[in-house]
1. Answer yes or no: is there a residue in the stretch 48-65 that is part of a loop (DSSP other than H, G, I, E, B), of a type in the set (D, E, K, R) and either open to solvent by less than 50 Å² (accessible area, probe 1.4 Å) or under 30 Å from I246 (Cβ atoms) (or both).
2. Can you find even one residue in the stretch 15-35 that is part of a helix (DSSP H, G or I), over 19 Å from E312 (Cβ atoms) and without any contact (Cβ under 8 Å) to a residue 40 or more places away in the chain?
3. Within the stretch 178-194, identify whether any single residue is open to solvent by 90 Å² or more (accessible area, probe 1.4 Å), assigned to a helix (DSSP H, G or I) and modelled with pLDDT under 95, and answer yes or no.
4. Does A173 count as closer than 24 Å to A113 by Cβ and surrounded by fewer than 20 Cβ atoms within 10 Å (Cβ to Cβ)?
5. Hey, can you tell me all the residues within the stretch 115-166 that are open to solvent by 80 Å² or more (accessible area, probe 1.4 Å) and either on the phi > 0 side of the Ramachandran plot or part of a strand (DSSP E or B) (or both)?
6. For the stretch 36-47, which positions are assigned to a loop (DSSP other than H, G, I, E, B) and loosely packed, with under 13 Cβ neighbours inside 10 Å?
7. I'd like to check something: does the stretch 74-92 contain any residue that is modelled with pLDDT under 95 and out of contact with any helix residue (DSSP H, G or I) (no Cβ under 8 Å at 6 or more places or on another chain)?
Amino acid sequence: MGSTARPGVLMLGIIHHAHTEFDTISEVADVKQVTSGNREEFIRDCDNGKYDNVVAISRTYDSVQLTGRFDAELVSRLPTSVKFISHNGAGYDQIDVQACTDRKISVSNTPKAVDAATANTAIFLMLGALRRVWIPQQALRDGQWRGASPLGRDPHHLTLGILGMGGIGTATAKRAAAFGFKLQYHNRKPVAGLDKEFATRDVPQYVSFEQLLKTSDIISVHLPLGPATQGLIGRKELSSMKDGVIIVNTARGAIIDEAALAESLESGKVWSVGLDVFEKEPEINPKLIKHPGAVLLPHIGTATIDTQKDMEILVIDNVKSAITKGKHLTQVPEQKPALAKV
């Protein structure tokens, strides 16, 4: 059988770490890679039949610069041969999953591979926000030693509310338990088996969304971004929180109304924030940048060599499973079980 009869795999973006693993895809498929261009060129190539043998697409988070978002328009222009899209990232808001489902295209992401690094970043931001660490850091750099550094807070006196108890939320809660936080969480439904994941005294308590907002000293956001969570935390929700609450977000910026958050920080309603994500990245509300109570990172939650390689390997494993077994290993949950095998 000639190589032209083999299924095609389209790699959008650059592999940085798992080169050996990526090379193994060529054992089961013909591989094309796109590392430059724009949305108009990509759609034109799709329309002209350049990718007509492609069964599986692998895409990096940064490849959105090459194609734009995988919205309904772009999905409709993909070759009919495409049955799988493997996304490198735990969050997959760059892809219109419903549009893919309507075309019977399976979508996968990279859960678990990102859990530890993102949870570590959440704890880093949490501890930094508890000490409003930017104030003494800036004073030190300005030659003022401690400057006007305020007193911070100790974790073991506080209640931490985890909003979203998936893999990252659970990993964050486990790490937070070691600091003595009282743990509570809200999820779409209570998570089974948490009593086996935590020591008896540390098992997080399930509470309603409203209860979590009203009773948490710190709120750490670990939800996926979608229609149900876009702008979930706005002025109303912020006003219902404790005075002096601390908010940490390592999920997606658009889950929180950034302007409302900045105003709440300025008013003192929110004592400090620890943010790795923003509503309109790379833009950041100027009020957040200027505020001494804001600990900010440029969306680097998974930016470690180890995690990036683990993510790339999982994407590659998803592609190979798609080609050889007709199914993804980590299909996104909203497609299950409808597209468990396509």
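The values are calculated or read from the model by the stated rules, or taken from the named source; none is laboratory data. What you see is a predicted model, and the numbers here were worked out from it, not measured in a lab. Here Cβ is always computed from backbone atoms with ideal geometry, including for glycine, and neighbour counts include all displayed protein chains. Accessible surface areas use protein heavy atoms only, side chains included; no ligands, DNA or RNA. Shrake-Rupley method; radii C 1.70, N 1.55, O 1.52, S 1.80 Å.
1. No, the stretch 48-65 contains no residue that is part of a loop (DSSP other than H, G, I, E, B), of a type in the set (D, E, K, R) and either open to solvent by less than 50 Å² (accessible area, probe 1.4 Å) or under 30 Å from I246 (Cβ atoms) (or both).
2. No.
3. Taking every residue of the stretch 178-194 in turn, none turns out to be open to solvent by 90 Å² or more (accessible area, probe 1.4 Å), assigned to a helix (DSSP H, G or I) and modelled with pLDDT under 95.
4. Numbers: closer than 24 Å to A113 by Cβ: yes; surrounded by fewer than 20 Cβ atoms within 10 Å (Cβ to Cβ): no.
Judged against the criteria, A173 is not a match.
5. Passing the criteria: only W145.
6. Listed by number, the residues that qualify are S36, N38.
7. yes
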